[in-house]
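Below is one structure, written out as structure tokens; comments come after it.
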Amino acid sequence: MFKRRERRTVLRTVVEAFWPKGGWGRAFSYVRHRLRRLPDPPHKISRGIAAGVISTFSPFFGFHFLTAFIVGWILRGNILAAMLTTFVGNPLTFPFIVTMNLRLGSWILGDAPAHSKHYGVIDAFIGAIGDLWHNFLAAFTSAHADWQNLANFYHEVFLPYLVGGLINGILLSVVAYYTMLPILVAYQNRRKGRFKERLEKLRLKRATRADEPGDPL
């Protein structure tokens, strides 16, 4: 019942991950529309947006929805707003987010960024995955476990990204909160005004009908 009429191919799925159907402009408009029409008070929605921004800058790729849910719950913000705001992190923005986080985190920790060393971020990630797989097999064979690549990934990529992402995420989440709060307040006030205007028109229309004389029999 809820299946797609046409199954998406692997190529189409990959393409739409970088360029969704209708373009990023349409996707952004959809998220903005959903955020504005959430039923919670503006301050609670703004907290959710802030939680989503913080989660987007975290190094827990693949778990940003879960991270947004947890942070949104801690901040007592709107959970749906937090999860929708993770849209900020997408294939077009992640290269800039990763660079910002790694550079700031490496600078704070007093270390050179991973991409300026003998191997880059992707190589470090591949090496860490290789260590995990090798050590998993070592548990069932006579091979010796080796954690060197995983340790390099933690110290040169994950930790700087975590530190830089935490600072960038907090700063930008504060900006997002104080930017969205007045916008949401104005939108909800305008929406309430329109609702009251429609209600008054309806009452006036009913009163006019009640004052009209009945048809003579």
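Since every read-out is calculated from the coordinates, none of them should be taken as a lab result. Predicted model, so just to flag it, every value in this text is computed and none were measured. Quick reminder, even Gly has a Cβ in these numbers, built from the backbone with ideal geometry, and neighbours come from all protein chains shown.
Odds and ends about this structure:
- Among E197, E156, the ranking by other beta carbons within 10 Å of each residue's beta carbon, starting with the fewest, stands as E197, E156.
- Neighbour-count order for Y154, Y177, fewest beta carbons within 10 angstrom listed first: Y154, Y177
- For the stretch 126-137, 3J(HN,Hα) computed residue by residue from phi via the Karplus equation (6.51, -1.76, 1.60; θ = phi - 60°) reads 4, x, 5, 5, x, 4, 4, 5, 4, 6, 5, 5 Hz, glycine and proline entered as x.
- Order of I49, I167, I108 under a 10 Å beta carbon neighbour criterion, fewest first: I108, I167, I49
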